[in-house]
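Here the structure comes first, spelled out in structure tokens, and everything after it is commentary.
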Amino acid sequence: MPPFHRSVISLKKNSISRLADGRPDIWLPALLLLAGALLRTGYLLEYAGAINFDVPLGPDINEYDQRAREILNGRLFPDIPDIHAPLYSLFLALLYRIGGMSVPLVRAVQLLLNFLCWPALERLLRRQGIAFGTRMIFLALGMLYAIPVFHQAELISESLLLPLLTLSLWLLELAASEFDLRKRLLRSGAAGAAAGLAAITHPLTLTFAAAVFLYGFVRNARREALLFLAGVLLVTLPVVGIKSLHYGKLTGIQQNGGFNFWLGNNRDATGGCCLRPGPRWRKLHREADAEALRRGVSSDRVWVGRTLSFWKHDPVRGVYLLVKKAVMVWYPSELVAGADPGILLYRTRIMRYAAFSAPLVLFFALWGIFSALAKKDQAGIHLWLLAGALYAGQILTVTSGRYRLAMLPAILFFAAAGAARFDWKKLFFLPCLAVFLQLPLITAAFTEGRYEAAALTGEAAWRKGDVHLALRDLLFARKGYDDPARISNQIGMLLERGGDFAGAERAYREAAQGDPEAMESFMNLANLFARFPAKHAEARRFYETALRKAPRSATLHYNYAVFLNSRNRPVEAEKELLTALECDDTCHRAYNLLGILALRSGRREAAEKCFSAALELAPDEPGYRHNLEVTRSGIRVRADK
């Protein structure tokens, strides 16, 4: 795009600008980068003591981890369109492949990528003529504003957005400062491709792409805007096309966009994520899926229809929600909105200390925005577009601190400009007042979501084999967590593992009563009763009940096959295993048991293929390797391997 008018945000002669006499342009950035590196290292070291540091748990995190593992096992597409955009899952799978499935390595790599963006953005501001003092405040904020570090270390798509958006911003700047038309058009297209990569990481960033495109038209840079749009479409349309061909119907970048729209626009909406995963969440989705099937439309269309109906019948409430969300974006407490309990975000001392910086950052960001608007300052125009587009996106859908991560370059730029322009002598009390007024929100966030946090730490302890800690946390979580059925199922499995079968049965039955439409409780009851020959008839009834509720569950079909095999009904067991593999062709346990059944019936070649497939999907499983080796050697494999 043609060069923009750039006014310089300058500092008055103060302590920061006077440092120029000592060449701070060399040592000050280096000092800030060192401080940022030390802060992130300290955070990782402190976080490493948490029970879930190396366990991928939590809303969204579970789903990304599962998809990454499926991709590594050769399954590029799930059975139904994914509720997440695909790029982050591919990125996570790549890191798993490189790091041997190490979650701590993923956290460290993501923090490093985000760390490197801030000096790159500071250099970008330098190209745009932003004053030295403002740039150093910006870099200091990028290095020392610690709260977003938590999200950038988590296994969520937003942790990949800052590098992608930084790349797009750089390419837009290179295009804007290029006088050669051909190079300008190429760089505009490359900037669009980078924005497209951000969109297939999180579609909310399409708002940024739309803002850049429209701005180009307004500025009469239509060729550059069209090339930018072409770059976006070059990345996003193949994703939409390939997914649509695979599923046999029009499929967007991700499923569930309509649900997110409804989540922020319904009679019970709060502005943030008013509905957490749990029984009501699952019930609403089942009802929407049933309605979509009955009407022959997509579930997203059902959710959009419900949203429009809400606006039609309650416009006053709708306008109120828009205003509320517009304000909530600037709440410091919104940094923990989304899928993360506040008590987990603030579990480290670094995060607790850093919490008090959020009101200051947002105060100065607003100060910088209003100051620039008053002076009609266009410095950092693409940061304005980034902030405005994602701000509008959150107002229309839901407000979330995780969504706000993509706005960070703009927010910290405005905060730096605001701090540089602020009259500290006359108005020093205002930042103090901003922190004081937010103290109740900040301190309340330290204990927010304690039951959900206990559910996550309990599950992490269970996965690590710490039964005592797992039971302690899960029993506490059951007192107040809004998904008691899930907790009861986990408690039942722990009790069953410890030999308390009566206690396990009670826990499973409580889970079934808490969420009678979910199949897990009935499957667990069936697995429990399958242990006792006298209860095999009840076990079979529970398996059949579970299958009616979840006919496409590979785990359920596998467990039923194990039960049938134990009843000496290999033909029925093999049929269930084949069904399990139709539901999920990465179910390595099904391949292993199929191999055992084939070997027992004398089909050694088929058995070898099945054991090979199981080992390929789970190369670290010693039992599969043993079965394959003894099959090739001609030794008979025990039926219970």
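Nothing in this text is a laboratory measurement; each read-out follows from the coordinates by a stated rule. Note that the coordinates shown come from a computational prediction; the quantities given were computed from them, not determined experimentally. Backbone-built Cβ (ideal geometry, glycine too); neighbour counts: all protein chains shown.
Values as computed for the structure displayed
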| quantity | calculated |
| --- | --- |
| Net charge dipole size for the chain [Lys, Arg +1 and Asp, Glu -1 on Cβ; Debye, nearest 20] | 1120 |
| Ascending count of other beta-carbon atoms within 10 Å, so fewest first, for TYR508, TYR47, TYR543, TYR64 | TYR47, TYR64, TYR543, TYR508 |
| Angle between the chain longest axis and helix 450-463 axis [Cα atoms, degrees, rounded to 10] | 50 |
| Candidate aspartates and glutamates - alpha carbon under 17 Å from LYS243, same-chain residues fewer than 8 apart omitted | GLU70, ASP79, ASP82, ASP300 |
| The stretch 95-216 - convex hull of the alpha-carbon atoms, volume per residue in Å³ | 117 |
| Angle between the chain longest axis and helix 536-549 axis [Cα atoms, degrees, rounded to 10] | 40 |
| Stokes-Einstein D in µm²/s, Kirkwood radius over Cα pairs - the chain at 25 °C with 0.890 mPa s viscosity | 90 |
| For HIS557, HIS588, order by how many other beta-carbon atoms lie within 10 Å, fewest first | HIS588, HIS557 |
| Tilt relative to the chain, helix 315-328 - C-alpha long axis, 0 to 90 degrees, to 10 | 70 |
| Bins of 5 Å from zero: percent of alpha-carbon pairs in the stretch 330-484 | 2, 9, 14, 16, 16, 14, 10, 7, 5, 4, 3, 1, 0 |
| Candidate lysines for bridging to LYS375, where Cα separation is under 19 Å - those fewer than 8 sequence places away on the same chain excluded | LYS12 |
| Positive-end extreme of charge dipole, the stretch 312-423 - chosen from GLY401, ALA420, TYR346 (charges on Cβ) | TYR346 |
| Within-14-Å neighbourhood charge of ARG294 [Cβ basis; K, R +1; D, E -1] | 0 |
| Exposure proxy ranking, count of Cβ atoms within 10 Å, fewest first, for CYS610, CYS273, CYS432 | CYS432, CYS273, CYS610 |
